[in-house]
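Bear in mind these aren't lab numbers, they're just calculated from the coordinates by the rules spelled out. No experiment lies behind these values; they were computed from the predicted model shown. Here the Cβ positions follow ideal geometry from the backbone for every residue, glycine too, while neighbour counts run over all protein chains shown.
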DNA sequence: TTCTAATTGAAAATGATTATCATTTACATT
DNA sequence: AATGTAAATGATAATCATTTTCAATTAGAA
Ligand SMILES: [Mn+2]
Ligand SMILES: [Mn+2]
Ligand SMILES: [Zn+2]
Ligand SMILES: [Zn+2]
């Protein structure tokens, strides 16, 4: 029952859950749940391939449903300043083409069975970019008197 | 001086260093070094863009030189069972093409300044694959008497 | 029901990373 | 050279996500 409750919660709200976040959500419907079980179940679902695990650089793991009816193939923009995450699926066709080719070549050359892949683009989001410009400007101009 | 020692160590041996590993290496040439300084310097080099930071799924951060004279653009195969890492640069031209296109589209659409990207292929390495087959076989066959 | 193995929750342990703080260093100005 | 000041450093403690332990509960098979 705990496992079902966790998977259900993951299905409903589909953003990039941390373990603790998921724990709190599940806790409402299933107050007996323990944090350790959430950790264990997430690892389980990960190995089954039902969910993906990510590290977006804020010291904890995040999860989302694997590609399926509710989720389509996409990758992530990660703001290295504020941690904002943007899902994108632009150029998926192109990306899929190259990836398939790559998986072919790699699996043969290295005898490696590829289960999934993830691509991260790191940089600065709109907001952090403008914040930076602001501080640059004030730095160049000096403190106003 | 500590910083130089750290960068030098990174240049010489070009594996995927963890902080602690790097600390030990530097410690030989520069015994006064503190672990905290290694952490601080690695973050610094990361922000400058001289090195890249990775999470390969073994609970610690790993680093390598950014693309330059000593390092060429590549991505990683990660064995989710034993943690083995394989660098690959097959199909770089293709990959670079799509990536450039993608960076164009994304930076415009989301007003996002892209600094770098990383692609991980997750799966099973040759060894873990054969180990798995072995255990499957014995599981199907049952324990020999 | 009875037995056994898997699952679970609570709590403790682990371990990478970060924060603190007193000391040292680098370096510009006298 | 002496002085002043801010940055860098090393040692240590604190943090905090994750893992481990372990006793209790549950789920099925017999
Ligand atoms: Mn996503
Ligand atoms: Mn590499
Ligand atoms: Zn941002
Ligand atoms: Zn392996």
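Working note: 222 nm ellipticity from helices only, DSSP H runs with n ≥ 4, each -39,500 (n - 2.57), summed and divided by the residues of the protein assembly as shown, gives -16000 deg cm²/dmol to the nearest 500.
Peptide A:97-109 is shielded by partner chain Cβ atoms: per residue, an average of 4 of them sit within 10 Å of its Cβ. Per-residue shielding of A:57-65, expressed as the average number of other chain Cβ atoms within 10 Å of the residue Cβ, stands at 1.
Counting, for every residue in B:121-130, the Cβ atoms of other protein chains within 10 Å of its Cβ and taking the mean gives 5.
Each other copy holds its own label point for residue B:90; taking that point as 7 Å from Cα along Cα to Cβ, the gaps run 2.9 nm, nearest first.
Entry note, the range A:1-117: relative contact order of 18 percent, from Cα contacts under 8 Å with a spacing of 6+ residues.
With its label point put 7 Å out from Cα toward Cβ, residue B:103 sits 2.6 nm from the same residue's point in the other copies, in order from shortest.
When each of the peptides A:3-11, B:43-51 is scored by the mean number of other C-beta atoms lying within 10 Å of its residues, the order from highest to lowest reads A:3-11, B:43-51. Copy-to-copy label distances for residue B:47, where each label lies 7 Å from Cα along Cα-to-Cβ, are 4.0 nm in order of increasing length.
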